[in-house]
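What follows is a short report on a single structure.
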Number of protein chains: 4
Amino acid sequence: MLLEELRAEVCEANLELQRKGIVILTWGNVSAIDRASGLVVIKPSGVAYDDLTPDKMVVVDLDNKVVEGTLNPSTDTATHTVLYKAFGSIGGVAHTHSMNAVAWAQARRPIPCFGTTHADHCFGAVPCTPPLSEDQVTSAYEAETGHQIVREMGNGDPLARPMMLVAGHGPFTWGKSAKDAVVNAVVLEEVARMASATLALDPRAPALEDYVLSYHYQRKHGPGAWYGQKA
Amino acid sequence: MLLEELRAEVCEANLELQRKGIVILTWGNVSAIDRASGLVVIKPSGVAYDDLTPDKMVVVDLDNKVVEGTLNPSTDTATHTVLYKAFGSIGGVAHTHSMNAVAWAQARRPIPCFGTTHADHCFGAVPCTPPLSEDQVTSAYEAETGHQIVREMGNGDPLARPMMLVAGHGPFTWGKSAKDAVVNAVVLEEVARMASATLALDPRAPALEDYVLSYHYQRKHGPGAWYGQKA
Amino acid sequence: MLLEELRAEVCEANLELQRKGIVILTWGNVSAIDRASGLVVIKPSGVAYDDLTPDKMVVVDLDNKVVEGTLNPSTDTATHTVLYKAFGSIGGVAHTHSMNAVAWAQARRPIPCFGTTHADHCFGAVPCTPPLSEDQVTSAYEAETGHQIVREMGNGDPLARPMMLVAGHGPFTWGKSAKDAVVNAVVLEEVARMASATLALDPRAPALEDYVLSYHYQRKHGPGAWYGQKA
Amino acid sequence: MLLEELRAEVCEANLELQRKGIVILTWGNVSAIDRASGLVVIKPSGVAYDDLTPDKMVVVDLDNKVVEGTLNPSTDTATHTVLYKAFGSIGGVAHTHSMNAVAWAQARRPIPCFGTTHADHCFGAVPCTPPLSEDQVTSAYEAETGHQIVREMGNGDPLARPMMLVAGHGPFTWGKSAKDAVVNAVVLEEVARMASATLALDPRAPALEDYVLSYHYQRKHGPGAWYGQKA
């Protein structure tokens, strides 16, 4: 069986979505890429998390063709592969319908960076894409969703802002691995919830000062980062 | 004992309400119909979920007469049977007092379709009935609740919008089976919660574009649906 | 040991507060009265729920004197005994700081009856007392809290509205037994949460029509009640 | 190994953060001081709660130098030590990113004392510091965070208001021990949540009357306190 280790990681990352309480039913999917072969391991479509096992993961290539597996891959597969092609530094992608992140996506607003919790994980606001046009939806919806994310990211570093909202839809997150993508999905949900609660207290709450944003982000992710332990 | 398999399914579906956290105390009930015999299996009234077993389910006919069982059926039985008589394609009905769905019912507002989470399960807004008149309440409250739902559905396809709010009361959902009715009750609660959170961020949040609604709904439920796995 | 059965019931009712998620730390207490002897069994003060056992319950008389037990009774004991003296039909009292009920108490607003969930358990709005005066607080705070509740109830039937908010403080509930008092505390918390969510959707949401309120309440609690099973 | 008992207490207090649901991922840290030796025991940086054991705790002196331990101490260590130096009566400090407390910190508002739940644990509003200046952030961010808290406390008694918000960041709490600091973190999160829910119902909700605040606080913490049991 191809990519046994990655299958196990992707399966585990999908299960983690449910354990962290950010998906219900089958509302989420995680994938990872093996950069050497250009193959992507992804959750099968519509399978309950309780029934997932590593051998049920589906292996596809970057053109979304199934290379190994008897189940259909996630309907969102084409979004994942567009992200892997555009963002060369990422190794995993997660998509959920977690409640608070979806609320911001449905309100079609970027999430301002209101505090250090946000700054520790995302360098600045969490962007929100514009809605897709009718042409985009009817021609190649899933791939166009990916392109919309890539356009919105522009020249930014995908690992410095590893999360985005798609207007009227929900969040996509990514990271160096499937596990990191899931951590970022958890972070995004909590940051979205905090931001909503902040606006409820003050609709004109100020964004975090840039110098605090920089300090916190660099402390955890910069070249001289000293948060955590040496690997 | 009549309909043993259906009794087990209905019992399990009622227990699922509690496991999914959408009922407390005894605030919900699920039924299913056996179309061949025209008999309905439903939860007994006021019995704690922890005490439910298949043999305690009550079998009634479409005139609400108990055909088998020593316990009283749910006080909402007449609402369920009206729905089975009017909606020939459905096989199960669920009623809950789940918090966010009740909030919309109490505010007497239909839930707009703000995003793809909603579109994946319900084709357009979740309708809300008008309140019942005093005559309706004092003559045949439970049956009239069913008729109000049927009138509000009009010529719509009950399986395309398998959920409705009753003003000042709460949600009713249905599906091809008791299990599906419960899934729709879970979906409605989450969609209601997301919609409330969306309006808190933007009281004039736009409804999802029709072409995205259609695309998402058809992808999952249309004739060429490709979400999930082949049966 | 006095009142062994009632001790067990009161202990169990206190534990149920925690299991239902309506208290954290030691923020709640439940008591019950033995009408024959006029003795009240109540939680000891400041003891963690995990450490409660029936023998730790404290027995007091209606003058708040400890009749049996080595631990101090709840600091709120005098509120409980005032309620037992004024409301002859009740057998149990519960006090919590459950979040949503406290929010209404802190906003000093009665909770309107917005729907049937509320109507099934409380006949009309949940009242909120006026704040206590400085004299009341400094002379006999706990007893005066009870008197404030009794005054606010006026000629009403305490079992028809088995719950009240004390302004700036929190909820008190009661019932025929300690167990019923706890059920009403759970109901009040959920009804308060639903009412807040309703007002967030429509600050002018209408109260439930009187004829629906009457129908629902009578169906469950009136002389011809047919909800549930025959005892 | 130094301070074995305190290591166990601090480890347990950190685990309690997770059990009480006020931290996710690694978003919180607790420490305690041994006043005799002036040594502080604190959580290691970025270690998952599930992996914490007493021997992984780090011992530092009041100048933030590691005295024992192979892991890096929490990045917030310098904030903790500033608090220990300024507040001679405290024995433990906790820092979290609990959702509702963070929302108030991000809205940069002190939490008014709206009710007795708050009054039982904190004598008056929970203060919120002003934001740090760029100079403070770039020179010695963690220590300056501590100094900001100390300045905001002024001549107040740290044990009477054992909690504070840092603008744009989150809550710090303290107490006589690590355990007490965690209890105060739990209290603050719940009080913050209640205060937000109160303002949602009435943006001009009144603060609790001073005489009720005094009565409740003194009943539990004053010289003649009679809440709880004799030690």
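Coordinate-derived values only; no laboratory data. The structure presented is a predicted model; accordingly, all values stated were derived computationally and were not measured. Positions of Cβ are generated from backbone atoms using ideal geometry, with glycine treated the same way; all protein chains shown enter the neighbour counts.
In nanometres, what is the gap between the two model label sites at C:Leu159 and B:Ala160, each 7 Å from Cα along Cα-to-Cβ? Simple spin-label model gives 5.2 nm for this pair.
With the simple spin-label model, which puts each label point 7 Å out from Cα in the Cβ direction, the D:Ser133 to D:Ala48 separation comes to 4.3 nm. The angle between the Cα long axis of helix C:178-201 and the longest principal axis of the Cα atoms of chain C comes to about 40 degrees, rounded to the nearest 10.
Find the centroid of the Cα atoms in region D:22-90 and in region C:38-102, then give the distance between the two in whole Å. If you average the Cα positions of each part, the centres end up 41 Å apart. What is the dipole size for region A:1-92, taken about its Cα centre, with +1 at each Lys and Arg Cβ and -1 at each Asp and Glu Cβ, in debye to the nearest 20? Here the size comes out at about 260 debye. Sorted from closest to farthest, the other copies place their A:Asp51 label points 3.5, 3.5, 4.9 nm away, with each point set 7 Å from Cα along Cα→Cβ. For the residues of D:89-98, the average number of beta carbons from a partner chain within 10 Å of their own beta carbon is 1. With the label put 7 angstrom out from Cα along the Cα-to-Cβ vector, D:Asp202 ends up 2.4, 2.4, 3.4 nm from the copy partners, going from closest to farthest.
With a threshold of 18 Å on the Cα-Cα distance, the over-threshold entries among A:Lys20/B:Lys230; B:Lys20/C:Lys179; D:Lys20/D:Lys179; B:Lys176/B:Lys220; A:Lys20/C:Lys20 are A:Lys20/B:Lys230; B:Lys20/C:Lys179; A:Lys20/C:Lys20. In this calculation the C-beta distance from C:Gln218 to A:Asp55 is compared with R0 = 56 Å, giving a FRET efficiency of 0.45. Per residue, chain C reaches -13000 deg cm²/dmol at 222 nm when only DSSP H runs of four or more residues are counted, each adding -39500 (n - 2.57).
Other residues with beta-carbon under 13 Å from the beta-carbon of D:Ala107 carry, at +1 per Lys or Arg and -1 per Asp or Glu, a net charge of +2. Charging the Cβ of each Asp and Glu at -1 and of each Lys and Arg at +1, and nothing else, the dipole of chain D about its Cα centre rounds to 560 debye. The residue among A:Pro73, A:Pro130, A:Val40 whose Cα reaches farthest toward the positive pole of the charge dipole of region A:4-221, with charges on the beta-carbon of Lys, Arg, Asp and Glu, is A:Pro130.
Volume of the convex hull of region B:1-67 (Cα atoms only), normalised per residue: 80 Å³. With all pairs of separate Cα atoms included, region C:50-204 yields a Kirkwood hydrodynamic radius of 16.1 Å. Inter-chain neighbour count for C:112-122: the average number of beta-carbon atoms from partner chains within 10 Å of each residue's beta-carbon is 5. Entry for region D:137-198 at q = 0.12, 0.13, 0.19, 0.28 Å⁻¹: log10 I(q)/I(0) = -0.34, -0.39, -0.79, -1.22, Debye formula applied to identical alpha-carbon scatterers, no solvent contribution. Sorted from closest to farthest, the other copies place their D:Gly38 label points 6.5, 6.5, 9.1 nm away, with each point set 7 Å from Cα along Cα→Cβ. Label separation (D:Glu5 vs D:Gln229): 2.1 nm, computed from points 7 Å beyond Cα along the C-beta direction. Compute the FRET efficiency between B:Lys65 and C:Asp202 as 1/(1 + (r/R0)^6), taking r as their Cβ-Cβ distance and R0 = 60 Å, and round to the nearest 0.05. The formula returns an efficiency of 0.90 here.
Computed about the Cα centre, the dipole magnitude for region A:100-231 is approximately 420 debye when only Lys and Arg (+1) and Asp and Glu (-1) carry charge, each at its Cβ.
Using the average count of surrounding beta-carbon atoms within 10 Å as a protection proxy, the listed peptides A:185-193, D:107-115 rank, highest first, as A:185-193, D:107-115. Inter-chain neighbour count for C:191-198: the average number of beta-carbon atoms from partner chains within 10 Å of each residue's beta-carbon is 6. Would you work out which of B:Asn29, D:Thr53, D:Ala86 lies farthest towards the positive end of the dipole of the protein assembly as shown? Charges go on Cβ: Lys and Arg +1, Asp and Glu -1. Looking along the dipole axis, the top candidate is D:Ala86. For the protein assembly as shown, what value does the Rg/Rh ratio take when both radii are computed over Cα atoms and Rh is the Kirkwood radius, given to two decimals? Dividing the radius of gyration by the Kirkwood radius yields 0.97. Grab the other residues whose beta carbon is less than 9 angstrom from that of A:Leu3, score K and R as +1, D and E as -1, and report the net. Net charge around A:Leu3: -3.
Summarising the rotation from chain D to chain B, the nearest chain D beta-carbon to the axis and its distance in Å are given as D:Ala200, 5. Shown is the FRET efficiency for C:Ala143 and C:Arg35, computed with R0 = 25 Å from the Cβ-Cβ distance and rounded to the nearest 0.05: 0.80.
The C-alpha atoms of chain D define a longest principal axis, and helix D:210-221 lies at about 40 degrees to it.
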